Amino acid sequence: MLIDSRRPRGVRRALAAGLAAALIGGAPAAVDAQSRVTLPLRQSTLDASAADPSFEVPLDSTTDGHWLGGGASAPRWDVTGDWLYFRFDPAPTLNADIIRDTPWYRVSRDGRTAEAVAATDALTVPAGVRYTRDGTRAVWFHRGELRYWRRGMREPRLLLARASGISPQWSADEREIRFVEQNALWAIDPANGAMRQLTQAYQPKDPDKPDAIKDELKRQQLEIFDFVKRRKEERDSTELRSRRDRAPMPIVVPLKADNVLSSLELAPNGRYVTFLSAPRPKPVQTIYADYVTESGIAEQRTSRPKVGDVATPRRAGIVTADPYAIPDSVKITWVDTVGLGKKATVSQLLWNRAGTQLVVEFQSYDYKDRWLFTVDPVTGKRLTQLDHQHDEAWHGGPGHTGGWMNPGWLAFSADDDELLFTSEATGWAHLYAVRMDGTRRALTSGEWEIRDIDPSRDGSKFWISAGIEHPNELHLYEVTMAGGQPRRIDHAGEGETRPTLSPDERTLAYLWSSPSTPWDLYIQPTSGTPKPVQVTRAGTDGYWRIAWAESDFIRFDDDKGKPVYARVYRPRTQHSNRPAVLEIHGAGYAQGVHKTMAGSGAHGGALYAQHLTSRGVTYVVLDYRGSSGYGRDMRTDIYRNMGDRDVASAVSLIPVLQRDYGVNPKAVGLFGCSYGGFYTLMALFRHPGTFAAGAAQCSVTDWAHYNHGYTARILNGTPAEDTASYRTSSPIYHAAGLQDRLLLQHGLVDGNVQYQDAARLAQRLMELGKDFDFVTYPIEAHGWRTRWSKIDSQRRVTRLWEETILRGEIAGRQ
């Protein structure tokens, strides 16, 4: 590991203290708990008019944006919907060594009253509350307690205390609260708190081996002796009466040894129990070590398996709900997976409210197909195919569409006549309704995708988050069961909103940020056209004193004429080299270009962009082919060839930057973490001479060493099944192409993209005689979380730009 000792500790402390005074300034003091406050809550009395073009953001302050302020966080409604609770720090500090709790506040739903509250009171406000359809009752599990509320109650009722978490749900008739714990389904009557066990897992006894001689002797005894026959009849009759006269027992669900149950449910009509059963996973874990420990002794750690550890098969089972059945007599009816044309698993089961329709979702093991069928609970046979989604690459866009063997979003309409689901059938994730005879209709359409979806409590409409105006925006919309053009609910301007609806869905709280304003909290009714009430006004004195660089949101075509999106921060000064730096987002399927004030940290963001633009650098955030938010074709363009069409996005961007922003095409660098690090390696290895330098952080270097669920979808199976795809897509096989400056940075205790990735590539580069820099962060996992690593990483990356695209410019502004 390389150690930077050029700046003494005392100087660093003095710098931090100086920055705190210069950047924070006179932020207002926190108010006392339970005292009224004036809205909006402020972190500064300054505004954009205080911007000072001469002020430059010091490099070390770009790794932690807390000193800028930031808006509210953790917004949640109380169970009555009268108050919205949230956290807001009126006096943020630059000193990351000081750990302090962010104060809590609450605001009334009309936005007229706000007050500070004690953390002990705020923390009792639950999240994940489940309301009945009329909104008069609710249940939740919070801080180890299961509680029930009914309108008019003075205090919620404690039903159960548990050390382990549970997920309570209302039964279809909303008379009971149900939850699953340790392979069993339980029910609680909220009126009196009575709890009963509905099912019990039972491991059948191993049947005796057939013995023809003994069986024949038993048959003869019953045939010859009336005494033996009558005694058996009396014993059987007594046992039958005993079972029928006793109180109903939990319904038996047979369970093999080493199997686990999930999605355990009693059908709404009470006739069947349905569930998913799968062998308990026994993955072959990978091993790595932690060297900086409290004991002083290196500790071994384990992490996820490598590609090839195929997902555990899940079978859907049905048993008749007979509480009097003899356990060993209970038989499972397995839902049929034969005849789908390929090997498949079950990802979810869904009953309609009346219990008359059972829908099962199947997914293929090659990740290319999803089916929705009605199923006969008596025979387990598939009946009507309601939907089939096939993708030659892989199925699954936004999370609600399913994929990765995870279930997609499904719901029945309020009248029980239609199944509601989302699909990328048109190339964009949209909402559909299908009747049980297979008749289908689209409720939304267009060249935009639903990012998130929730049905209204009464089932009459849906709340969706989408970027209809622009793929780099996000707003809340209402879609009725009739479909048609969505109606926008939030009255925010250009940017993105993060909504939180009140329990009665009549009031909307949302965080909103634009390209020039930080995240703030607003509150408004969901109907009409009211002006939202601004609850917070984020931004410290330091934030408002910065003359933020202007940015453009651009769309351009790659070499195949396909659209690509980017955010370009314009340089605030002119540098003779006219350099540019590209920030490449991680996560593979994610989005980096947003019409918001982007974050900060050792892996880029608005603060780092501000620092570099003040030095004459054009700073670009790129959403390459393969990013989310732009539809199916963008998503799957990396199929079987990661590092090709995605990296071509950056190559095609260079002439656009030269033409429209005057960038020198020979002075372009790029950096990123995780997939962004992989991207950087492939850009340098496969396009030598195109980029002057690159910083690859926590990078995948060989996809055969990553996990199965993510990688096998994109690269068409395992390395043994599609060797060519893995070799084409893995940087380690292209390392001979390196001729430009490369900085490798990796955390030693990274359990996601493990340190082995970096070690193997370093060895390969040395064997090839390549020149590169390699820095290890001993206590970091995936990405940097500590102040020391963030600052060290940022300094080294910036030094790389100074020595390449800035060509040795004096680093006196750090």
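The values are calculated or read from the model by the stated rules, or taken from the named source; none is laboratory data. Here the structure is a predicted model, which means the values were calculated and not measured. We place every Cβ from the backbone using ideal geometry, glycine too, and count neighbours over all the protein chains shown. Calculation scope for accessible area: heavy atoms of the full protein, side chains included, ligands and nucleic acids excluded. Shrake-Rupley method; radii C 1.70, N 1.55, O 1.52, S 1.80 Å.
In this Cβ point-charge picture (+1 for Lys and Arg, -1 for Asp and Glu), the range 519-594 has a dipole of about 140 debye about its Cα centre.
Couplings 3J(HN,Hα) of the range 71-83, computed from phi: x, 6, 9, 6, x, 8, 7, 6, 5, 7, x, 7, 10 Hz, in residue order, whole Hz [Karplus 6.51 cos²θ - 1.76 cosθ + 1.60, θ = phi - 60°; x for Gly and Pro]. Sorting the segments 287-295, 145-153 by their mean number of nearby beta carbons within 10 angstrom, highest to lowest, gives 145-153, 287-295.
Using θ = phi - 60° in the Karplus curve 6.51 cos²θ - 1.76 cosθ + 1.60, the 3J(HN,Hα) couplings for the range 359-369 round to 10, 10, 9, 10, 9, 7, 5, 8, 6, 9, 9 Hz; x is entered for Gly and Pro. Considering only 517, 609, 93, and ranking their Cα positions along the charge dipole of the chain that arises from unit charges at the beta-carbon of Lys, Arg, Asp and Glu, the one farthest toward the positive end is 93. Ordering of 325-337, 506-518, 262-274 by packing is 506-518, 262-274, 325-337, highest average first (other Cβ atoms within 10 Å, averaged per residue). A cut-off of 5 Å between modelled amide H atoms, ignoring neighbours fewer than 5 places along the same chain, links residue 590 with 628.
The angle separating the long axis of helix 645-661 from the principal Cα axis of greatest extent in the chain is about 30 degrees. Under 5 Å between amide hydrogens, built in the peptide plane, is the criterion, and for residue 384 it picks out 374 among residues at least 5 positions away or on other chains. Across q = 0.14, 0.16 Å⁻¹, the range 522-661 modelled as identical point scatterers on its alpha-carbon atoms has Debye log10 I(q)/I(0) values of -0.75, -0.90, in the order of the q list.
Report the Cα centroid-to-centroid distance between the range 156-217 and the range 376-436 in angstrom, as an integer. Comparing the Cα centres of the range 156-217 and the range 376-436, I get a distance of 29 Å.
Here the Karplus curve 6.51 cos²θ - 1.76 cosθ + 1.60, taken at θ = phi - 60°, turns the phi angles of the range 484-494 into couplings of x, 5, x, 9, 6, 9, 6, 10, 6, x, 4 Hz, with x standing for Gly and Pro. What label, among (1) 45.5; (2) 41.4; (3) 43.6, belongs to mean projected area of the Cα convex hull in nm² computed from the structure on display? Recomputing mean projected area of the Cα convex hull in nm² here picks out (2). Structural descriptor for the range 302-455: relative contact order 14 percent, calculated from alpha carbon pairs under 8 angstrom and at least 6 residues apart.
Restriction of the GluC sites (Glu not before Pro) in the range 414-457 to DSSP coil positions whose beta-carbon has at most 11 other beta-carbons within 10 angstrom yields 447.
Taking the C-alpha atoms only, the angle from helix 9-19 to the longest principal axis of the chain is near 90 degrees. Averaging Cα coordinates gives a centre for the range 104-144 and one for the range 477-539; these two points are 19 Å apart. What are the equivalent ellipsoid semi-axes of the range 100-212, built from the alpha-carbon gyration tensor (square roots of five times its eigenvalues), in whole angstrom, biggest first? Value: 41, 18, 11 Å, ordered largest first. Cα centroids of the range 716-776 and the range 555-572: 28 Å apart.
Rg and Dmax of the range 665-737, both derived from C-alpha coordinates alone, stand at 13.0, 41 Å. Surface composition of the range 519-602: carbon and sulfur make up 47 percent of the accessible area, probe 1.4 Å.
Using a/c under 1.5 as the rounded threshold, could you call the range 628-778 rounded, prolate or oblate? The axes a ≥ b ≥ c are square roots of the C-alpha gyration tensor eigenvalues, and prolate needs a/b larger than b/c, oblate otherwise. Verdict is oblate for the range 628-778.
Angle of helix 675-686 to the longest C-alpha principal axis of the chain, folded into 0 to 90 degrees and rounded to 10: 60°.
Scanning residues 5 or more positions from residue 176 or on other chains, those with amide H under 5 Å from its amide H are 171, with H placed 1.01 Å from N in the peptide plane. Counting only aspartates and glutamates at least 8 places from residue 342 when in the same chain, those with an alpha carbon closer than 15 Å to its own are 361, 366, 369, 391, 392.
Decide, for the range 390-474, between rounded, prolate and oblate: order the square roots of the alpha carbon gyration tensor eigenvalues as a ≥ b ≥ c, take rounded if a/c falls under 1.5, and otherwise choose prolate if a/b is larger than b/c, else oblate. Display every interim value, and only then the final one.
Working: a/c = 1.69, a/b = 1.21, b/c = 1.39.
Since a/c reaches 1.5 but b/c is at least a/b, the shape of the range 390-474 is classed as oblate.
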